[in-house]
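Worksheet: the structure to be examined is printed underneath.
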Amino acid sequence: MAATLDAQTFPELLGKRFKSKLVQRLGGFVIFLSMPLYAAVVLIGIARFIETTLGIDYRMALLGVTMIVAAYVVAGGLKGVMYTDALQGGVMFVSMLVLLVGTYLNLGGPMAAHDSLTAISHLAPDALREQGHQGWTVMPTLGSPWWWTLMSTLVLGVGIGVLAQPQLVVRFMTIKSERALNRGIGIGSLFILVVVGGAFLVGTLSNVYFHQTQGQIAIAAANGNPDLIMPRYITAAMPTWFSYLFVITLLSAAMSTLSSQFHTMGSALSYDCLGKISQSGRSTLGLTQLGVGLSILVSLALGYGLPTGIIARGTAIFFGICAAAFLPAYIAALFWKGATRSGVLCSMVIGLMSSLFCLVFLHQKEAAALGISQFLFGKAYLIETHPWPFVDPILLALPASTITLVVVSQITPKLSKAHIRGCFGRLSPDLLHRGEVK
(Lines give C-alpha, C1' and ligand atoms only; values in the text may rest on other atoms or scores of the structure.)
Protein backbone atom coordinates (compact mmCIF):
# COMPACT_ATOMS: atom_id res chain seq x y z
CA MET A 1 0.00 0.00 0.00
CA ALA A 2 2.85 2.37 0.82
CA ALA A 3 4.38 1.71 -2.61
CA THR A 4 1.04 2.20 -4.33
CA LEU A 5 0.42 5.50 -2.56
CA ASP A 6 4.08 6.60 -2.76
CA ALA A 7 4.13 7.13 1.02
CA GLN A 8 7.52 7.81 2.61
CA THR A 9 6.54 7.95 6.30
CA PHE A 10 3.97 6.29 8.54
CA PRO A 11 1.89 9.48 8.99
CA GLU A 12 1.98 10.02 5.21
CA LEU A 13 0.72 6.47 4.69
CA LEU A 14 -2.28 7.20 6.92
CA GLY A 15 -2.77 10.64 5.35
CA LYS A 16 -2.80 9.36 1.77
CA ARG A 17 -4.87 6.29 2.65
CA PHE A 18 -7.59 8.51 4.12
CA LYS A 19 -6.97 11.52 1.83
CA SER A 20 -6.27 13.88 4.71
CA LYS A 21 -3.31 16.18 5.27
CA LEU A 22 -4.66 16.78 8.79
CA VAL A 23 -4.32 13.07 9.62
CA GLN A 24 -0.72 13.17 8.41
CA ARG A 25 0.13 16.29 10.39
CA LEU A 26 -1.56 15.00 13.54
CA GLY A 27 0.39 11.75 13.24
CA GLY A 28 3.64 13.66 12.90
CA PHE A 29 2.76 15.77 15.94
CA VAL A 30 2.03 12.72 18.11
CA ILE A 31 5.34 11.14 17.09
CA PHE A 32 7.37 14.27 17.76
CA LEU A 33 5.58 14.77 21.10
CA SER A 34 5.92 11.25 22.51
CA MET A 35 8.94 9.54 20.97
CA PRO A 36 11.65 11.61 22.75
CA LEU A 37 10.61 9.87 25.99
CA TYR A 38 11.34 6.45 24.50
CA ALA A 39 14.62 7.65 22.97
CA ALA A 40 15.62 9.06 26.36
CA VAL A 41 15.09 5.76 28.21
CA VAL A 42 17.20 3.97 25.58
CA LEU A 43 19.98 6.50 26.18
CA ILE A 44 19.62 6.06 29.93
CA GLY A 45 19.90 2.28 29.62
CA ILE A 46 23.24 2.29 27.80
CA ALA A 47 24.61 5.19 29.88
CA ARG A 48 23.86 3.37 33.14
CA PHE A 49 25.69 0.29 31.91
CA ILE A 50 28.73 2.29 30.81
CA GLU A 51 28.70 4.06 34.17
CA THR A 52 28.82 0.74 36.03
CA THR A 53 31.15 -1.19 33.72
CA LEU A 54 33.69 1.43 32.70
CA GLY A 55 33.48 3.70 35.74
CA ILE A 56 32.55 6.73 33.66
CA ASP A 57 30.32 9.43 35.15
CA TYR A 58 26.70 8.89 34.12
CA ARG A 59 26.29 12.35 32.64
CA MET A 60 29.45 12.01 30.57
CA ALA A 61 28.40 8.55 29.39
CA LEU A 62 24.99 9.88 28.37
CA LEU A 63 26.55 12.75 26.42
CA GLY A 64 29.12 10.45 24.78
CA VAL A 65 26.57 7.92 23.55
CA THR A 66 24.35 10.69 22.22
CA MET A 67 27.24 12.22 20.28
CA ILE A 68 28.19 8.83 18.78
CA VAL A 69 24.67 8.25 17.49
CA ALA A 70 24.22 11.86 16.36
CA ALA A 71 27.46 11.74 14.37
CA TYR A 72 26.05 9.36 11.78
CA VAL A 73 22.29 9.73 12.17
CA VAL A 74 22.20 13.42 11.24
CA ALA A 75 24.38 12.90 8.17
CA GLY A 76 23.21 9.43 7.09
CA GLY A 77 19.98 8.08 5.69
CA LEU A 78 17.58 5.32 6.67
CA LYS A 79 19.06 2.86 4.17
CA GLY A 80 22.53 3.17 5.64
CA VAL A 81 21.06 2.72 9.11
CA MET A 82 19.32 -0.49 8.06
CA TYR A 83 22.52 -2.01 6.66
CA THR A 84 24.26 -1.51 10.00
CA ASP A 85 21.29 -3.08 11.81
CA ALA A 86 22.10 -6.51 10.37
CA LEU A 87 25.52 -6.56 12.03
CA GLN A 88 24.19 -4.99 15.21
CA GLY A 89 21.40 -7.56 15.40
CA GLY A 90 23.92 -10.38 15.10
CA VAL A 91 26.00 -8.94 17.93
CA MET A 92 22.91 -8.62 20.14
CA PHE A 93 21.78 -12.18 19.43
CA VAL A 94 25.14 -13.79 20.21
CA SER A 95 25.71 -11.71 23.37
CA MET A 96 22.28 -12.44 24.83
CA LEU A 97 22.69 -16.14 24.09
CA VAL A 98 26.09 -16.18 25.86
CA LEU A 99 24.61 -14.23 28.79
CA LEU A 100 21.71 -16.65 29.20
CA VAL A 101 23.89 -19.77 28.96
CA GLY A 102 26.50 -18.23 31.28
CA THR A 103 23.84 -17.41 33.86
CA TYR A 104 22.54 -20.97 33.91
CA LEU A 105 26.09 -22.34 34.19
CA ASN A 106 26.80 -20.03 37.15
CA LEU A 107 23.65 -21.16 38.93
CA GLY A 108 24.01 -24.92 38.35
CA GLY A 109 21.74 -25.35 35.33
CA PRO A 110 18.15 -24.37 34.47
CA MET A 111 16.39 -26.62 37.01
CA ALA A 112 18.65 -25.66 39.91
CA ALA A 113 18.50 -21.97 38.99
CA HIS A 114 14.71 -21.83 38.91
CA ASP A 115 14.34 -23.98 42.04
CA SER A 116 16.63 -21.57 43.85
CA LEU A 117 14.59 -18.63 42.54
CA THR A 118 11.41 -20.23 43.88
CA ALA A 119 13.05 -20.86 47.25
CA ILE A 120 13.86 -17.16 47.90
CA SER A 121 10.36 -15.84 47.21
CA HIS A 122 10.06 -14.90 50.89
CA LEU A 123 12.83 -12.34 50.39
CA ALA A 124 10.74 -10.13 48.12
CA PRO A 125 10.42 -6.62 49.59
CA ASP A 126 7.45 -6.12 51.92
CA ALA A 127 6.13 -3.33 49.71
CA LEU A 128 5.86 -5.76 46.77
CA ARG A 129 4.31 -8.56 48.80
CA GLU A 130 1.69 -6.16 50.13
CA GLN A 131 0.77 -5.41 46.51
CA GLY A 132 0.33 -9.10 45.65
CA HIS A 133 3.85 -10.27 44.72
CA GLN A 134 4.16 -13.99 45.52
CA GLY A 135 7.62 -14.71 44.16
CA TRP A 136 9.51 -14.60 40.88
CA THR A 137 8.19 -17.93 39.57
CA VAL A 138 4.54 -17.45 40.55
CA MET A 139 1.92 -15.09 39.15
CA PRO A 140 0.89 -12.27 41.51
CA THR A 141 -2.36 -12.61 43.41
CA LEU A 142 -5.21 -12.31 40.92
CA GLY A 143 -6.59 -8.77 40.84
CA SER A 144 -3.93 -7.35 43.17
CA PRO A 145 -2.15 -4.07 42.39
CA TRP A 146 0.98 -5.97 41.31
CA TRP A 147 -1.13 -8.24 39.05
CA TRP A 148 -2.64 -5.20 37.34
CA THR A 149 0.80 -3.61 36.91
CA LEU A 150 2.24 -6.79 35.41
CA MET A 151 -0.66 -7.65 33.13
CA SER A 152 -1.97 -4.26 32.02
CA THR A 153 1.35 -2.41 31.74
CA LEU A 154 4.12 -4.91 31.01
CA VAL A 155 2.13 -7.58 29.14
CA LEU A 156 -0.65 -5.66 27.38
CA GLY A 157 0.85 -2.16 27.37
CA VAL A 158 4.10 -3.26 25.78
CA GLY A 159 2.78 -6.29 23.89
CA ILE A 160 0.04 -4.37 22.10
CA GLY A 161 1.82 -1.03 21.91
CA VAL A 162 4.73 -2.52 19.97
CA LEU A 163 2.39 -3.17 17.02
CA ALA A 164 1.99 0.52 16.23
CA GLN A 165 5.44 2.00 16.76
CA PRO A 166 6.01 4.42 13.87
CA GLN A 167 9.75 3.70 13.54
CA LEU A 168 8.97 0.00 13.05
CA VAL A 169 6.15 0.60 10.58
CA VAL A 170 8.61 2.54 8.39
CA ARG A 171 10.88 -0.52 8.36
CA PHE A 172 8.01 -2.68 7.12
CA MET A 173 7.29 -0.11 4.41
CA THR A 174 10.76 -0.72 2.94
CA ILE A 175 10.28 -4.47 2.45
CA LYS A 176 10.35 -5.46 -1.22
CA SER A 177 7.68 -8.17 -1.18
CA GLU A 178 5.47 -10.36 0.95
CA ARG A 179 7.90 -13.19 0.27
CA ALA A 180 10.69 -11.24 1.93
CA LEU A 181 8.41 -10.53 4.88
CA ASN A 182 7.53 -14.20 5.26
CA ARG A 183 11.22 -15.11 5.13
CA GLY A 184 11.91 -12.75 8.00
CA ILE A 185 9.30 -14.24 10.33
CA GLY A 186 11.42 -17.24 11.33
CA ILE A 187 14.54 -15.17 11.93
CA GLY A 188 12.61 -12.51 13.80
CA SER A 189 10.85 -15.03 16.02
CA LEU A 190 14.12 -16.67 17.03
CA PHE A 191 15.71 -13.27 17.66
CA ILE A 192 12.85 -12.18 19.93
CA LEU A 193 12.86 -15.50 21.80
CA VAL A 194 16.57 -15.21 22.63
CA VAL A 195 16.97 -11.45 23.12
CA VAL A 196 13.71 -10.55 24.87
CA GLY A 197 13.20 -13.92 26.54
CA GLY A 198 16.83 -13.99 27.65
CA ALA A 199 16.55 -10.53 29.18
CA PHE A 200 13.47 -11.50 31.20
CA LEU A 201 15.05 -14.75 32.41
CA VAL A 202 18.43 -13.28 33.34
CA GLY A 203 16.77 -10.33 35.03
CA THR A 204 14.81 -12.53 37.42
CA LEU A 205 17.66 -15.01 37.94
CA SER A 206 19.97 -12.17 38.99
CA ASN A 207 18.15 -12.36 42.34
CA VAL A 208 19.56 -15.86 42.87
CA TYR A 209 23.09 -14.78 42.02
CA PHE A 210 23.09 -11.77 44.36
CA HIS A 211 21.50 -13.83 47.13
CA GLN A 212 24.16 -16.53 46.83
CA THR A 213 27.10 -14.12 46.61
CA GLN A 214 25.99 -11.09 48.63
CA GLY A 215 23.09 -12.35 50.74
CA GLN A 216 20.58 -9.94 49.21
CA ILE A 217 18.23 -9.76 46.24
CA ALA A 218 18.93 -7.79 43.08
CA ILE A 219 17.08 -4.56 43.91
CA ALA A 220 19.01 -4.27 47.18
CA ALA A 221 22.30 -4.93 45.40
CA ALA A 222 21.41 -2.06 43.03
CA ASN A 223 20.69 0.31 45.95
CA GLY A 224 17.01 0.51 45.02
CA ASN A 225 17.55 1.61 41.40
CA PRO A 226 16.19 -1.05 39.02
CA ASP A 227 18.04 0.58 36.10
CA LEU A 228 21.32 -0.59 37.68
CA ILE A 229 20.40 -4.26 38.29
CA MET A 230 21.55 -5.65 34.95
CA PRO A 231 24.77 -3.59 34.71
CA ARG A 232 25.84 -4.66 38.20
CA TYR A 233 24.89 -8.28 37.61
CA ILE A 234 26.88 -8.54 34.38
CA THR A 235 29.88 -6.78 35.91
CA ALA A 236 29.87 -9.09 38.93
CA ALA A 237 28.79 -12.43 37.45
CA MET A 238 30.32 -12.52 33.98
CA PRO A 239 33.98 -12.52 32.83
CA THR A 240 35.60 -9.15 32.25
CA TRP A 241 35.80 -9.71 28.51
CA PHE A 242 32.05 -10.25 28.37
CA SER A 243 31.37 -6.98 30.17
CA TYR A 244 33.17 -5.13 27.40
CA LEU A 245 31.43 -7.23 24.76
CA PHE A 246 28.11 -6.33 26.35
CA VAL A 247 28.97 -2.64 26.16
CA ILE A 248 29.30 -3.16 22.40
CA THR A 249 26.03 -5.11 22.44
CA LEU A 250 24.15 -2.36 24.20
CA LEU A 251 25.69 0.24 21.93
CA SER A 252 24.47 -1.84 18.98
CA ALA A 253 20.97 -2.05 20.43
CA ALA A 254 20.91 1.63 21.36
CA MET A 255 22.27 2.78 18.00
CA SER A 256 19.85 0.55 16.10
CA THR A 257 16.86 1.81 18.07
CA LEU A 258 17.90 5.44 18.39
CA SER A 259 18.85 5.90 14.76
CA SER A 260 15.41 4.82 13.55
CA GLN A 261 13.74 6.89 16.29
CA PHE A 262 15.67 10.05 15.46
CA HIS A 263 15.00 9.65 11.74
CA THR A 264 11.30 9.11 12.45
CA MET A 265 11.10 12.16 14.72
CA GLY A 266 13.00 14.31 12.24
CA SER A 267 10.78 13.36 9.32
CA ALA A 268 7.67 13.72 11.51
CA LEU A 269 8.56 17.37 12.15
CA SER A 270 9.88 18.36 8.72
CA TYR A 271 7.91 16.16 6.34
CA ASP A 272 4.64 15.41 8.10
CA CYS A 273 3.99 18.42 10.34
CA LEU A 274 5.48 21.18 8.18
CA GLY A 275 5.19 19.54 4.76
CA LYS A 276 7.53 19.67 1.77
CA ILE A 277 8.95 23.14 1.29
CA SER A 278 10.77 22.69 -2.00
CA GLN A 279 10.43 20.62 -5.15
CA SER A 280 14.15 19.85 -5.26
CA GLY A 281 14.08 18.21 -1.86
CA ARG A 282 17.21 20.02 -0.64
CA SER A 283 15.34 22.27 1.74
CA THR A 284 13.32 19.31 2.96
CA LEU A 285 16.52 17.36 3.64
CA GLY A 286 17.97 20.28 5.59
CA LEU A 287 14.80 20.65 7.62
CA THR A 288 14.77 16.91 8.33
CA GLN A 289 18.35 17.09 9.59
CA LEU A 290 17.34 20.05 11.75
CA GLY A 291 14.41 18.01 13.10
CA VAL A 292 16.72 15.09 13.85
CA GLY A 293 19.12 17.41 15.67
CA LEU A 294 16.30 18.94 17.72
CA SER A 295 15.00 15.45 18.59
CA ILE A 296 18.45 14.44 19.80
CA LEU A 297 18.73 17.51 22.03
CA VAL A 298 15.26 16.97 23.54
CA SER A 299 16.00 13.30 24.20
CA LEU A 300 19.35 14.17 25.79
CA ALA A 301 17.69 16.74 28.05
CA LEU A 302 15.12 14.16 29.15
CA GLY A 303 17.94 11.68 29.79
CA TYR A 304 19.42 14.14 32.28
CA GLY A 305 16.11 15.11 33.85
CA LEU A 306 14.10 11.89 34.17
CA PRO A 307 14.06 10.14 37.58
CA THR A 308 15.76 6.83 38.35
CA GLY A 309 13.91 3.61 37.55
CA ILE A 310 12.25 5.15 34.49
CA ILE A 311 13.34 2.69 31.77
CA ALA A 312 10.49 0.16 31.95
CA ARG A 313 7.86 2.77 32.80
CA GLY A 314 8.94 5.18 30.05
CA THR A 315 8.85 2.38 27.49
CA ALA A 316 5.34 1.38 28.52
CA ILE A 317 4.11 5.00 28.37
CA PHE A 318 5.35 5.47 24.82
CA PHE A 319 4.01 2.11 23.65
CA GLY A 320 0.62 2.88 25.20
CA ILE A 321 0.34 6.28 23.51
CA CYS A 322 1.25 4.75 20.15
CA ALA A 323 -1.33 2.00 20.55
CA ALA A 324 -4.15 4.38 21.48
CA ALA A 325 -3.35 7.03 18.87
CA PHE A 326 -2.27 4.87 15.93
CA LEU A 327 -3.28 1.21 16.20
CA PRO A 328 -7.01 1.49 15.30
CA ALA A 329 -6.18 3.81 12.36
CA TYR A 330 -3.32 1.56 11.24
CA ILE A 331 -5.44 -1.60 11.28
CA ALA A 332 -8.33 0.19 9.58
CA ALA A 333 -5.99 1.50 6.87
CA LEU A 334 -4.86 -2.01 6.02
CA PHE A 335 -7.97 -4.08 6.56
CA TRP A 336 -11.20 -2.01 6.75
CA LYS A 337 -12.39 -0.31 3.59
CA GLY A 338 -15.30 1.27 5.43
CA ALA A 339 -13.16 3.50 7.68
CA THR A 340 -13.61 7.20 6.96
CA ARG A 341 -11.40 10.25 7.14
CA SER A 342 -13.41 11.72 10.03
CA GLY A 343 -13.45 8.42 11.90
CA VAL A 344 -9.68 8.08 11.78
CA LEU A 345 -9.09 11.70 12.74
CA CYS A 346 -11.45 11.51 15.72
CA SER A 347 -9.94 8.17 16.77
CA MET A 348 -6.41 9.59 16.82
CA VAL A 349 -7.49 12.66 18.81
CA ILE A 350 -9.48 10.62 21.35
CA GLY A 351 -6.67 8.08 21.67
CA LEU A 352 -4.06 10.75 22.37
CA MET A 353 -6.22 12.82 24.71
CA SER A 354 -7.52 9.83 26.70
CA SER A 355 -3.97 8.50 27.12
CA LEU A 356 -2.75 11.84 28.42
CA PHE A 357 -5.80 12.19 30.70
CA CYS A 358 -5.20 8.77 32.24
CA LEU A 359 -1.51 9.49 32.75
CA VAL A 360 -2.17 12.86 34.39
CA PHE A 361 -5.27 12.10 36.47
CA LEU A 362 -5.85 8.34 36.86
CA HIS A 363 -2.76 6.11 36.77
CA GLN A 364 -1.09 6.23 40.16
CA LYS A 365 2.60 6.31 39.19
CA GLU A 366 2.44 9.12 36.64
CA ALA A 367 -0.37 11.13 38.25
CA ALA A 368 1.33 11.22 41.65
CA ALA A 369 4.70 12.10 40.11
CA LEU A 370 3.32 14.90 37.92
CA GLY A 371 1.26 16.45 40.75
CA ILE A 372 -1.24 18.13 38.41
CA SER A 373 -4.21 16.25 39.87
CA GLN A 374 -3.05 17.09 43.39
CA PHE A 375 -2.77 20.77 42.49
CA LEU A 376 -6.18 20.98 40.77
CA PHE A 377 -8.31 18.62 42.84
CA GLY A 378 -6.39 18.01 46.06
CA LYS A 379 -5.99 14.30 45.22
CA ALA A 380 -2.94 12.51 43.83
CA TYR A 381 -5.25 10.71 41.37
CA LEU A 382 -8.97 11.09 40.83
CA ILE A 383 -10.23 7.52 41.33
CA GLU A 384 -8.79 5.89 44.43
CA THR A 385 -10.99 2.77 44.33
CA HIS A 386 -9.08 -0.42 43.54
CA PRO A 387 -8.03 -1.38 40.87
CA TRP A 388 -8.28 1.87 38.89
CA PRO A 389 -5.05 3.49 40.15
CA PHE A 390 -3.13 0.46 38.79
CA VAL A 391 -4.93 -0.07 35.47
CA ASP A 392 -2.66 0.97 32.63
CA PRO A 393 -4.01 3.79 30.42
CA ILE A 394 -3.93 1.51 27.36
CA LEU A 395 -6.90 -0.48 28.73
CA LEU A 396 -9.01 2.68 28.69
CA ALA A 397 -7.55 4.71 25.84
CA LEU A 398 -7.31 1.97 23.21
CA PRO A 399 -10.97 0.85 23.50
CA ALA A 400 -12.02 4.52 23.47
CA SER A 401 -10.14 5.25 20.24
CA THR A 402 -11.35 2.00 18.64
CA ILE A 403 -15.01 2.64 19.47
CA THR A 404 -14.66 6.23 18.24
CA LEU A 405 -13.27 5.04 14.89
CA VAL A 406 -16.09 2.54 14.35
CA VAL A 407 -18.93 4.82 15.43
CA VAL A 408 -17.78 7.95 13.58
CA SER A 409 -17.01 5.94 10.44
CA GLN A 410 -20.60 4.67 10.40
CA ILE A 411 -22.10 8.16 10.33
CA THR A 412 -19.66 10.10 8.15
CA PRO A 413 -19.15 10.11 4.34
CA LYS A 414 -17.18 7.20 2.90
CA LEU A 415 -14.12 7.55 0.71
CA SER A 416 -14.73 7.00 -3.00
CA LYS A 417 -14.70 3.43 -4.30
CA ALA A 418 -12.10 4.40 -6.91
CA HIS A 419 -9.75 5.65 -4.18
CA ILE A 420 -10.25 2.49 -2.12
CA ARG A 421 -9.54 0.30 -5.16
CA GLY A 422 -6.40 2.31 -5.82
CA CYS A 423 -5.19 2.01 -2.21
CA PHE A 424 -5.54 -1.76 -2.28
CA GLY A 425 -3.64 -2.07 -5.55
CA ARG A 426 -6.54 -2.63 -7.93
CA LEU A 427 -5.64 0.41 -10.03
CA SER A 428 -2.38 1.37 -11.66
CA PRO A 429 -0.11 3.24 -9.22
CA ASP A 430 0.87 5.57 -12.07
CA LEU A 431 -2.73 6.70 -12.49
CA LEU A 432 -3.09 7.19 -8.77
CA HIS A 433 0.15 9.20 -8.50
CA ARG A 434 -0.76 11.48 -11.43
CA GLY A 435 -4.00 12.36 -9.71
CA GLU A 436 -6.19 10.86 -12.45
CA VAL A 437 -8.14 8.90 -9.84
CA LYS A 438 -10.06 11.32 -7.67
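The values are calculated or read from the model by the stated rules, or taken from the named source; none is laboratory data. Everything numeric in this text was worked out from a predicted model, so none of it was measured. As a convention, Cβ positions derive from the backbone with ideal geometry for all residues, glycine included, and neighbour counts pool all protein chains shown.
Quick grid of which residues meet (1) under 29 Å from the mean Cα position of the chain (by Cα); (2) at pLDDT below 90:
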residue: GLU366; (1), (2): yes, yes
residue: GLN374; (1), (2): yes, yes
residue: GLU384; (1), (2): yes, yes
residue: LEU395; (1), (2): yes, no
residue: ALA400; (1), (2): yes, no
residue: VAL406; (1), (2): yes, no
residue: SER409; (1), (2): yes, no
residue: LEU415; (1), (2): no, no
residue: ARG426; (1), (2): no, yes
Q: Write out, first by first residue and then by second, each pair whose Cβ atoms fall under 8 Å of each other, whose residues are 6+ apart or on separate chains, and whose first residue, in segment 169-190, is under 23 Å from PHE93 (Cα atoms) while the second is surrounded by 13 or more Cβ atoms within 10 Å (Cβ to Cβ) and among the hydroxyl-bearing types (Ser, Thr, Tyr).
A: VAL169/TYR330; VAL170/THR9; VAL170/SER260; VAL170/THR264; ARG171/SER260
Q | Filter result for the condition that a residue is farther than 22 Å from LEU168 by Cα and at pLDDT below 90, over GLY45, GLY55 | A | GLY55
Q: Answer yes or no: is there a residue in segment 307-315 that is more than 17 Å from LEU26 (Cα to Cα), among the hydroxyl-bearing types (Ser, Thr, Tyr), buried (at least 23 other Cβ atoms within 10 Å of the Cβ) and at pLDDT below 80.
A: no
Q | Check on GLY64, over 30 Å from GLY425 (Cβ atoms) and either modelled with pLDDT of 90 or more or assigned to a helix (DSSP H, G or I) (or both) | A | yes
**Q.** Odd one out for ILE192, checked against (1) within 30 Å of PRO36 (Cα to Cα); (2) surrounded by 13 or more Cβ atoms within 10 Å (Cβ to Cβ)
**A.** (2)
Q. Residues in segment 1-48 that are among the small types (Gly, Ala, Ser) and under 19 Å from the mean Cα position of the chain (by Cα): how many?
A. 7
Q | Tabulated pairs, segment 401-423, first of a type in the set (Val, Ile, Thr), second outside any helix (DSSP H, G or I), C-beta under 6 angstrom, 6+ apart or interchain | A | THR412/THR340; ILE420/LYS337
Q.
Please verify whether VAL138 is under 29 Å from ALA254 (Cβ atoms) and either surrounded by 13 or more Cβ atoms within 10 Å (Cβ to Cβ) or β-branched (Val, Ile, Thr) (or both), treating the condition exactly as stated.
A. no
**Q.** Restricting segment 334-349 to residues that are surrounded by 21 or more Cβ atoms within 10 Å (Cβ to Cβ) and of a type outside the set (S, T, N, Q), the residue that is farthest from SER34 (Cα to Cα)
**A.** ALA339
Q. For segment 166-268, which helices (runs of 4 or more DSSP H) that fit wholly inside it have 3 or more residues that are within 18 Å of VAL101 (Cβ to Cβ) and either within 25 Å of the chain's Cα centre (by Cα) or at pLDDT 90 or above (or both)?
A. 178-214, 229-237, 240-267
Q | Options CYS346, CYS322: the member that is touching a Gly at 6+ places or on another chain (Cβ under 6 Å) and touching a residue at least 40 places away in the same chain (Cβ under 8 Å) | A | CYS322
Q. Any idea which residue in segment 396-422 is nearest to PHE357 (Cα to Cα), counting only those that are of a type in the set (A, V, I, L, M) and out of contact with any helix residue (DSSP H, G or I) (no Cβ under 6 Å at 6 or more places or on another chain)?
A. ILE403
